[in-house]
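A quick write-up on the structure given underneath.
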Amino acid sequence: MRLSLLTCAVVAVLALALPGRAAASEPLWDANVKFLSLKVNKKGEALVSYRLRSGKRRNVLVWGAINARPPTEGVEQVRFRWDYAGGWGKYRNGKYWTRFRDRCRRYDGPRLALLVAACKAPDGSYWAVQAWQRRLPLLGFDPWHPAQLNVELHVSHWRGPIAQLELYPNWTYGGQWQGVFGRYTYRGVPIYGFSSTPRGVPKDKYGRNVFIDTLDSAYGKGWKRESGILTHRRTGTFCHSFVPQHGFPHYPSQELRPPAPGKRHRVTVGGPGVTPIVRSTIAGLTRRDRHRDEEFNAIFDRVMAGDSICAHER
C-alpha cells in the first residue's frame, strides 16, 4: 500500500516531458546557440551575443531586474526586460549594440554550476550566463523529441548571496527504497510558488521544479534524468524515492521502469527571480550505509519540519 501511495504522488508531479518556461529562472528563447559574449555597461544593461544555427548573429539587450523577491502572493516576481533586436525595442536604435561600452570586470563571485560566462558590473553586482539541458525526459528515457536535447542559455543578475540548495540521502519506506530530500531557500526564506498545472509546472514566477539526475544506475551509464518535482509551499522542501514506476502515457513505453538509485545523485534548479541556477550533488547509498538510518532521520526531522507531504518518506 505504501508503494501505491508513493507512486501516485510521484506521477502527479513527474508527468511532464517538456517543462515550461516558468519551471526555470530566465532562459533566452533561442536554444542550441553558439555563445559569443557577455557585456555589461554602466547603465545596468547586459548585452548577450550569440549565433543561431543559421549563422545569424543575435544581440540581446537585458535589463530591469536583480535578485529575487520572497514568495509574495499577489505580487509579481522580479523579471528581466528583453530586447532581441540589439536596442531597437528599447531605444528604436537597431545599432545600439555596436556602440555598447563594456565595463564588466573579472568575476570574483560564488562558484556557479553550468557556467558559460560571468563578470562583475561597475556597481558591484554580478551577471552570468549558464547553459542547461533542462528539458531531458524523465525516468531515464533517452530523448525522442528534438526539444528534449535543447541547451538553454540562462541569464542571471544578482548582488549578495545566491540561493542555497540542501540535498541529503535517505532510506525510505522502512529501508525498502533509497531516496533524496532537501530544502531550497534564498536568504533564509523558502522558495516555492502558489499554483501549478496538473503536470507540475509552476504557473507563477515563484514556483520552481527541482530536477533530479542519477549516475550509473539501472537506466545505464552516465547521468540520466530521474524526475522533476516542485518545491513545496511554505517550506521550500522536496523529497523523492527511487521506486519502480511506469512510463507516462505520452512516453515511448509504459512498461515498468526499475528503481534507479545511482552512484551519485544531483539536483539542479533555476534560481529564484533572476538569480543563478544552482546544483547540489551527493553520493548514493550502499549497503555500508544501512546503519545510518537514524542519522538520516534526524536530519530529515530538522530540514523537513512542517512538510506533511514528505512525512511518509522519513
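The values are calculated or read from the model by the stated rules, or taken from the named source; none is laboratory data. Fair warning: this is a prediction, and the values are worked out from it, not measured in the lab. All Cβ positions, even for glycine, are placed from backbone atoms using ideal geometry, and neighbour counts span all protein chains on display.
Might you check whether a residue that is aromatic (Phe, Trp, Tyr), more than 18 Å from residue 158 (Cβ to Cβ) and in contact with a Gly (Cβ under 8 Å, 6 or more places away or on another chain) occurs anywhere in the stretch 77-91? Scanning the stretch 77-91, I find at least one residue that is aromatic (Phe, Trp, Tyr), more than 18 Å from residue 158 (Cβ to Cβ) and in contact with a Gly (Cβ under 8 Å, 6 or more places away or on another chain), so the answer is yes.
Scanning the stretch 23-69 for residues that are touching a Pro at 6+ places or on another chain (Cβ under 8 Å), at pLDDT below 95 and aliphatic (A, V, I, L, M) yields one hit, 23. From the set of residues in the stretch 236-246 that are buried (at least 17 other Cβ atoms within 10 Å of the Cβ) and touching a Lys or Arg at 6+ places or on another chain (Cβ under 7 Å), which is nearest to residue 199 (Cα to Cα)? Residue satisfying both the conditions and the ranking: 245. Given the structure, is residue 107 modelled with pLDDT of 95 or more, more than 30 Å from residue 242 (Cα to Cα), surrounded by fewer than 19 Cβ atoms within 10 Å (Cβ to Cβ) and in contact with a Cys (Cβ under 7 Å, 6 or more places away or on another chain)? For residue 107, the condition - modelled with pLDDT of 95 or more, more than 30 Å from residue 242 (Cα to Cα), surrounded by fewer than 19 Cβ atoms within 10 Å (Cβ to Cβ) and in contact with a Cys (Cβ under 7 Å, 6 or more places away or on another chain) - is met. The residue list 174, 220, 188 contains one member that is more than 29 Å from residue 81 (Cα to Cα) and modelled with pLDDT of 95 or more, which is 220. Looking at this structure, is residue 157 crowded, with 23+ Cβ neighbours inside 10 Å and under 28 Å from residue 34 (Cβ atoms)? The answer is yes for residue 157.
One line per residue, one yes/no per condition, for (1) at negative phi; (2) assigned to a loop (DSSP other than H, G, I, E, B); (3) among the charged types (D, E, K, R); (4) in contact (Cβ under 8 Å) with a residue 40 or more places away in the chain:
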| site | (1), (2), (3), (4) |
| --- | --- |
| 272 | yes, yes, no, yes |
| 275 | yes, yes, no, yes |
| 281 | yes, no, no, yes |
| 293 | yes, no, yes, yes |
| 296 | yes, no, no, yes |
| 300 | yes, no, no, yes |
